[in-house]
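The values are calculated or read from the model by the stated rules, or taken from the named source; none is laboratory data. From a predicted model like this one, the values you see are computed outputs, not experimental measurements. FYI the Cβ positions are ideal-geometry reconstructions off the backbone, even for glycines, and counts take in every protein chain you see.
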Amino acid sequence: MTQNALDPTTAEPTTPGPTTAEQNTDGPAAAGKTPLTLLGLGAMGAGLARAWLAAGHPLTVWNRNPARTGALAAEGARVAESAASAVAANTLVVVCLLDDASVGQVLDGTGLAGKDVVNLVTSTPAQARDRAEWARARGARYLDGGMMAVPPMIGVPEAGGYVFYSGSRDLFEQHRETLGVPVGTTYVGEDAGHAALYDVALLSAMYGMTAGIAHAFALIRKEDIDPASFAPLLTDWLVAMAPSAGRTAEQLRSGDYTEGVVSSLAMQVAGTPTFLGTAEQQGVSPELLSPLFGLMRRRLAEGGGEEDLTGVIDLLVR
């Protein structure tokens, strides 16, 4: 992760400007700060707006519900009366709306020629690639973002949040400092779909971890075991196991799934009845474990007994 976030507490906020923005605000910005437009003021958008304002960036905002703009206007944001006037106000346009469909609905009637569009809407890789083509066809440069942060992390560099960016490298390099104000930045390539792919891949791993945590707590649920005392043991174990991702990556790169094996697939499949039996005895459904165990048995049947669990990945790829 590349941390380019600036500490917003070190910058002087701008003097509150007018509450409407109908004219272009590009030009000499206060203390050299890049002016920008932000579309969407939900919890994430409002956090982004406040971070940019605190760092001294002239900011134009727009939201479907104008009631959400009042507090930001008091803090110095210019409030546009329409999405079109907000886009017209600055070259750099950051989009933080609900979904991909809302991006098209909001921007279809705006003039995007010569604009730098940064889309922070959560989407699929295919949607991001299509949106990049859509923007280019309208004369705009495009950068897609995968947000690896929640609203309380915005404007707090030590929280460790960041955004994956993919698409126009020139756009990213030109606006890297500005984009890094609210949260860190990590550029992952010119394929506009890669930011969304990295985002979903990491979040998918999180949900897999969450499934394991849920099963572990379910096993102790009916026992005289304090969940709060059990939690640190669970956390420490997961942290200790996390480096196995590096071994999996090396095995995928080399094609040798037996490289560095600690517990072979055959050994692990032999142990699965213990996990299933314990779940049954504790009155816990095995439905979070059964899909993985099924894949492990399939790989074993194909002759992968001496491998690590890495071979399961090939069963998932169609």
Going through the stretch 286-318 one residue at a time, which ones are small (Gly, Ala, Ser) and either touching a residue at least 60 places away in the same chain (Cβ under 8 Å) or part of a helix (DSSP H, G or I) (or both)? Ser290, Gly294, Ala301, Gly311
Sole residue being among the polar types (S, T, N, Q), within 30 Å of Ala46 (Cα to Cα) and either outside the structural domain of Leu289 (by TED's automatic domain parsing) or surrounded by 12 or more Cβ atoms within 10 Å (Cβ to Cβ) (or both), chosen from Thr272, Thr178, Thr258: Thr178
Within the stretch 26-114, which strands (runs of 3 or more DSSP E) (wholly inside it) include 2 or more residues that are in contact with a helix residue (DSSP H, G or I) (Cβ under 8 Å, 6 or more places away or on another chain) and over 19 Å from Tyr142 (Cβ atoms)? 59-62
Please specify each residue of the stretch 183-206 satisfying the condition of being without any contact (Cβ under 8 Å) to a residue 60 or more places away in the chain and farther than 17 Å from Arg141 by Cα. Tyr198, Ala201, Leu202, Leu203, Ser204, Ala205, Met206
Can you find even one residue in the stretch 194-214 that is surrounded by 10 or more Cβ atoms within 10 Å (Cβ to Cβ), in a loop (DSSP other than H, G, I, E, B) and outside the structural domain of Arg129 (by TED's automatic domain parsing)? no
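Listed here are the residues, each with its yes/no results for (1) modelled with pLDDT under 95; (2) surrounded by fewer than 24 Cβ atoms within 10 Å (Cβ to Cβ); (3) under 14 Å from Tyr187 (Cβ atoms).
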{"site": "Pro125", "(1), (2), (3)": "no, yes, no"}
{"site": "Arg131", "(1), (2), (3)": "no, no, no"}
{"site": "Trp134", "(1), (2), (3)": "no, yes, no"}
{"site": "Ala137", "(1), (2), (3)": "no, yes, no"}
{"site": "Gly145", "(1), (2), (3)": "no, no, yes"}
{"site": "Val150", "(1), (2), (3)": "no, yes, no"}
{"site": "Ile154", "(1), (2), (3)": "no, no, no"}
{"site": "Ala159", "(1), (2), (3)": "no, yes, no"}
{"site": "Tyr165", "(1), (2), (3)": "no, no, yes"}
